[in-house]
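Take a look at the structure set out below.
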Amino acid sequence: MHHKWWPPSLLKALNSGRAMARAGIIDSEIKIDVRYIQRIMQWFCLLFLIVQPVYGVINIGELSRQSKERAIPIEIVSSQAKISDLAKRAFGLHGGYVVVKEKGDFVFRMEEVKKGVVVTIESGEPRRLVYREEAQAKDWKESVYKGCDHLVEKTLGIPGFFGGELTFVGERDEYKEIYVSDLLFQSVWQLTHDRSKVVAPRWSPDGKRILYTGYKNGFPDIFLINLSSGQRRLFAGYEGTNAGGAFSPKGNQVAMILSSSGNPELYIADGEGRRPKRMTQNKFLEASPCWSPDGQSIYLTSDIIGGPQIYRFNLLKNEMEMIPTRLSGYCTEPTVNPLHSRQVAFTAAVNKGFQIGIYDGSTQESRFLTTTDGYHIEPCWTNDGRHLVVTVQKGDDKKLIILDSVTGKSTSLHTKEFGQSSMGSFIYK
């Protein structure tokens, strides 16, 4: 009989009885009893295996079909307040769930163990255990994030994003610097101390390096930070503007905007910044390059028709075509959905402000994801293909939020005590 899913306590009892019999510690009469007990325990284990659920994506029936129309009510339970509080904050970001005190469709239980956090899912009335998993990470907070991601995957069938990390521009005093943080700003590290303007940090796909544009030398240059060594070096410092550095999906190429030719043009260099090759040849302004998930196209902004619009540069054909968003005469800052590559989110000017729009190439339709007051700018997809990290600016205040592209729900990622944040870049390692 396959023992993989037997409870450890039963395996221990079975093995103990066998060992005692082999060693002659028990007499023949007791041996008969042991064999009898072992047989009963084996039948019990077989019954245990029969009633255990298969831990794939949980079949929640009608909930699966309705999850796009409504948030799933969940209860979060733990004997430790620090765990339940962090998990509630995490699920409070997700547009697919609403945390309730009772009568949830699921009960998510989380308990700290020696090497991580054990998470379970209960459903039905009376409650029945349908999933159990141990999430391990370097500390209890990361274990909670990882465990919550397991719960999302089992109930919605999509990746969780709580274990992701951010790099962003933070302003905690009068200076803007580059920071790295977990999604809920529980652990924040300041990477630069230049006391000069910095913009547009971007992760490498392995999460070990960060590109950003800085004015440390008085001009816009692209810098590279190695997170393992803590070292920083000049990546692109050509005459004129050096901006918009973005790693390709494999990390072996970098798209960037250089104006050394006299006009801001799209260039592609190798992963170390060497041998930049000019890709566009025109008199217009290019900006904000972003790679497609397959690495065969680069989306960017250009003002070929007068106002800035989103374009796709096909690297195989060496051709550039406009994306027909039809939402605004001013569209910029494209970001491509990592799971649905025909969906492009972007910033659009509307009613003397800015909102986040999305274009779906499969339907050739666009719509706004945000409509509230303030500037909504600088979108960046998370790994689940559903949520985006967005900057919201009201007056002089800037902060990062999570935006659900399905329901439109938006939630701040930090409190005012942190300061200001903008230009977020997300990675899930």
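Could you check the stretch 186-208 and list, in sequence order, the residues that are assigned to a strand (DSSP E or B) and either aromatic (Phe, Trp, Tyr) or modelled with pLDDT under 95 (or both)?
Once the filter is applied, which keeps residues that are assigned to a strand (DSSP E or B) and either aromatic (Phe, Trp, Tyr) or modelled with pLDDT under 95 (or both), the stretch 186-208 yields 189, 203.
Right, residue 161: in contact with a Ser or Thr (Cβ under 9 Å, 6 or more places away or on another chain) and within 30 Å of residue 110 (Cα to Cα) or not?
yes
Taking the stretch 317-339 as the search range and keeping residues that are within 15 Å of residue 249 (Cβ to Cβ) and not polar (S, T, N, Q), which one is surrounded by the fewest Cβ atoms within 10 Å (Cβ to Cβ)?
339
Six or more apart or on different chains, Cβ under 7 Å: which pairs go from a residue in the stretch 141-158 that's touching a residue at least 12 places away in the same chain (Cβ under 8 Å) to one that's β-branched (Val, Ile, Thr) and assigned to a helix (DSSP H, G or I)? Could you list them?
Note: pairs meeting the criteria are 144/83; 158/152.
Going through the stretch 121-139 one residue at a time, which ones are surrounded by fewer than 19 Cβ atoms within 10 Å (Cβ to Cβ) and under 25 Å from the mean Cα position of the chain (by Cα)?
132, 133, 134, 136, 137, 138, 139, listed by residue number.
Any chance the stretch 153-162 includes a residue that's outside any loop (DSSP other than H, G, I, E, B), farther than 30 Å from residue 270 by Cβ and under 14 Å from the mean Cα position of the chain (by Cα)?
Checking the stretch 153-162: at least one residue is outside any loop (DSSP other than H, G, I, E, B), farther than 30 Å from residue 270 by Cβ and under 14 Å from the mean Cα position of the chain (by Cα).
Hey, among 261, 288, which residue is out of contact with any helix residue (DSSP H, G or I) (no Cβ under 8 Å at 6 or more places or on another chain), farther than 16 Å from residue 319 by Cα and at pLDDT 95 or above?
The unique qualifying residue is 288.
Search the stretch 342-382 for residues being outside any loop (DSSP other than H, G, I, E, B) and of a type in the set (D, E, K, R), and hand back the single one that is surrounded by the most Cβ atoms within 10 Å (Cβ to Cβ).
My answer is 378.
I need the full set of residues from the stretch 160-185 which are modelled with pLDDT under 95 and touching a Gly at 6+ places or on another chain (Cβ under 9 Å), in order please.
Within the stretch 160-185, 172, 173 qualify.
If you check residue 385 against the conditions, is it buried (at least 17 other Cβ atoms within 10 Å of the Cβ), part of a strand (DSSP E or B) and either touching a residue at least 12 places away in the same chain (Cβ under 8 Å) or within 24 Å of the chain's Cα centre (by Cα) (or both)?
So residue 385 fails the test.
Mind listing just one residue for me: the one in the stretch 265-296 that is in contact with a Leu (Cβ under 6 Å, 6 or more places away or on another chain) and surrounded by fewer than 22 Cβ atoms within 10 Å (Cβ to Cβ) and, of those, farthest from residue 250 (Cα to Cα)?
Among residues in the stretch 265-296 that are in contact with a Leu (Cβ under 6 Å, 6 or more places away or on another chain) and surrounded by fewer than 22 Cβ atoms within 10 Å (Cβ to Cβ), the one farthest from residue 250 (Cα to Cα) is 280.
Taking the stretch 115-131, which residues are in a strand (DSSP E or B), of a type outside the set (A, V, I, L, M, F, W, C) and over 16 Å from residue 83 (Cβ atoms)?
Answer for the stretch 115-131, where residues must be in a strand (DSSP E or B), of a type outside the set (A, V, I, L, M, F, W, C) and over 16 Å from residue 83 (Cβ atoms): 122, 123, 128, 131.
Of everything in the stretch 209-221, what is in contact (Cβ under 8 Å) with a residue 40 or more places away in the chain and either in a loop (DSSP other than H, G, I, E, B) or among the β-branched types (Val, Ile, Thr) (or both)? Give them in sequence order.
210 - this is the single residue of the stretch 209-221 that is in contact (Cβ under 8 Å) with a residue 40 or more places away in the chain and either in a loop (DSSP other than H, G, I, E, B) or among the β-branched types (Val, Ile, Thr) (or both).
Look at the stretch 365-392 and say how many of its residues are modelled with pLDDT of 95 or more and either more than 20 Å from residue 94 (Cα to Cα) or of a type in the set (A, V, I, L, M) (or both).
10
Pairs needed: first member in the stretch 169-191, without any contact (Cβ under 8 Å) to a residue 60 or more places away in the chain and of a type in the set (Asp, Glu); second member anywhere, part of a strand (DSSP E or B) and surrounded by 15 or more Cβ atoms within 10 Å (Cβ to Cβ); C-beta distance under 7 Å; at least 6 residues apart or different chains.
From residues that are without any contact (Cβ under 8 Å) to a residue 60 or more places away in the chain and of a type in the set (Asp, Glu), the pairs are 177/170; 177/198; 182/165.
Working carefully through the options 328, 302, find the one that is at pLDDT 95 or above and within 19 Å of residue 367 (Cα to Cα).
Exactly one residue qualifies, and that residue is 328.
Among 68, 138, which is assigned to a loop (DSSP other than H, G, I, E, B), at pLDDT below 95 and within 16 Å of residue 386 (Cα to Cα)?
Just a single option satisfies the conditions, and that option is 68.
Here is a list of conditions, (1) under 22 Å from residue 159 (Cβ atoms); (2) surrounded by fewer than 18 Cβ atoms within 10 Å (Cβ to Cβ); (3) among the small types (Gly, Ala, Ser), and residue 412 meets all of them except one; can you say which number that is?
Failing condition for residue 412: (1).
Please go through (1) among the acidic types (Asp, Glu); (2) buried (at least 16 other Cβ atoms within 10 Å of the Cβ); (3) out of contact with any strand residue (DSSP E or B) (no Cβ under 9 Å at 6 or more places or on another chain) for residue 174 and return the number of the only condition it doesn't satisfy.
The number of the failed condition is (2).
Can you run down the residue pairs with Cβ atoms below 9 Å, 6 or more apart or on separate chains, where the first is in the stretch 73-99 and farther than 18 Å from residue 123 by Cα and the partner is at pLDDT below 95 and hydrophobic (A, V, I, L, M, F, W, C)?
Partner pairs satisfying both residue conditions: 94/71; 95/71.
Give me the strands (runs of 3 or more DSSP E) completely within the stretch 222-297, filtered to those with at least 1 residues that are in the same structural domain as residue 334 (by TED's automatic domain parsing) and over 24 Å from residue 378 (Cβ atoms), ordered by residue number.
Filter on the stretch 222-297 gives 232-236, 265-270.
The values are calculated or read from the model by the stated rules, or taken from the named source; none is laboratory data. It should be emphasised that the depicted structure is a prediction, and the values quoted were computed from it without experimental measurement. Every residue, glycine among them, receives a Cβ derived from its backbone with ideal geometry; neighbour counts consider all protein chains shown.
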